[in-house]
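The block underneath contains the structure these notes are about, expressed in structure tokens.
The values are calculated or read from the model by the stated rules, or taken from the named source; none is laboratory data. Keep in mind that what you see is a predicted model, and the values were worked out from it rather than measured. Using ideal geometry, Cβ is built from the backbone for each residue, glycine included, and neighbour counts are taken over all protein chains shown. Heavy atoms of the whole protein, side chains included, go into the accessibility calculation; ligands, DNA and RNA do not. Shrake-Rupley method; radii C 1.70, N 1.55, O 1.52, S 1.80 Å.
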Amino acid sequence: MESRLVYMDHAATTPVHPKVLEAMMPYFNQEYGNPNSVHSLGRSAREAVDRARETVAQILNCQSQEIVFTSCGTESINLAIKGIAKARGKTGHIITSAIEHHAVLHTIEQLEREGYTATILPVSPDGLVDPDDVRNAIRPDTVVISIGYANNEIGTIQPIREIGSIAREAGIPFHTDAVQAAGSLSLNVEELQVDALSLSGHKFNAPKGVGILYIRSGIPLEPQMQGGGQESGRRSGTENVPYIVGIAEALRLAQENLEAHNEHCISLREKLFEGILSELPDTRVNGHRTQRLPNNAHVAFRGIEAQSILMGLDLKGICASSGSACHSASIEPSHVLKAIGVPSEYIYGSVRLTVGIDNSQEDVSYVLEVLPSLVRRLQSLSPLVESAS
Ligand code: PLP
């Protein structure tokens, strides 16, 4: 077993930053008050939540009362899409794209079962949504548009500003799943012209289990949980004070280091692409070649299965991911890879490497030592590659 560990799965989750952990610690067992209590411990917890809300609002360029803390990205997305749709009426039309995260697609499917209708827009082979398609899909009964900022699998970044201005012109609330964008892209909601935006802490060095929803004031939102009326009635449940402090500190750090992070990740990503493509020229790059997240290298190898590649990498201490979901014995290619039309001889061999600030040039060199020879070995055993060549 290799002792070396190279983590290249930052789109799945990230380690908690030491400064984030440090900021959170007092709120577990020293400043442990309930922010809704009137005594001094309660007041200091309330102040911590207020400060966190203010920090997030500054980064998003919005008002602090437009920030709702949630338990994760999935909850933020559910609250945005269901909350906006249901506040508009018992039925209505929703627009989204075919490559959204399941948190979006399954939420909309649930609304369809309840009587809403949906238009699922196709994407280009690079994974881009055409803003004109959004414009053309708008109907008099459209209640919400939800298009992800950056795709979690292939990393393609959508033209959010353009879609935002189309939605605004039509007077339709526009939600974006920005879970993968935080730490790499601007979250300025005024520039983006979005009305709702979802974030998840664990993608930018806060712990798992805390999220943020930005909801523009004046956009009616039906709460999805009833209870004590916290978060101005939009999300009941006693505030998770340490995690709220943590997500705000993580967002502050991510924002502060955005340029350095992107520069570092792009240099690693490009080295990965160059190394892989020069060693294995018949490799496919999935997603847009340049309009993609700085940290995302998504590649597809001909005639082999991602699971074998991932296991081979894991044996060498390299953590990566695939664009395929394993359902018991069968491996199904993801809806994203199907939607961008990855050819059948490539679709099963798609691997996602997502780098982070903690990766080094040496990490990339190590991956480039291991991956091409692993792929060549698997391809030499594959009947699909034999027959194709
Ligand atoms: N949306 C995108 C694009 C994601 O990548 C993820 C997580 O993988 C989610 C939503 C869900 O976030 P969470 O894990 O916080 O529920």
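Note on the range 343-380: residues that are open to solvent by 20 Å² or more (accessible area, probe 1.4 Å), of a type in the set (S, T, N, Q) and more than 11 Å from Leu272 (Cβ to Cβ) total 5. Determine if the range 280-296 includes at least one residue that is among the small types (Gly, Ala, Ser) and over 17 Å from Ile266 (Cβ atoms). Scanning the range 280-296 turns up no residue that is among the small types (Gly, Ala, Ser) and over 17 Å from Ile266 (Cβ atoms). The residues of the range 225-254 that are surrounded by fewer than 17 Cβ atoms within 10 Å (Cβ to Cβ) and in contact with a helix residue (DSSP H, G or I) (Cβ under 7 Å, 6 or more places away or on another chain) amount to a single one, Ser232.
Listed here are the helices (runs of 4 or more DSSP H) enclosed by the range 279-361 that have at least 2 residues being of a type outside the set (Phe, Trp, Tyr) and more than 22 Å from the chain's Cα centre (by Cα): 306-315, 344-347. Where helices (runs of 4 or more DSSP H) fall entirely within the range 13-99, those with at least 2 residues that are away from the ligand (no atom under 16 Å from the Cβ), under 28 Å from Gln158 (Cβ atoms) and modelled with pLDDT of 95 or more are at 40-60, 73-88. Test Ile266 against the stated conditions and say whether it is within 14 Å of the ligand (Cβ to nearest atom) and either open to solvent by 10 Å² or more (accessible area, probe 1.4 Å) or at pLDDT 95 or above (or both). No, not satisfied.
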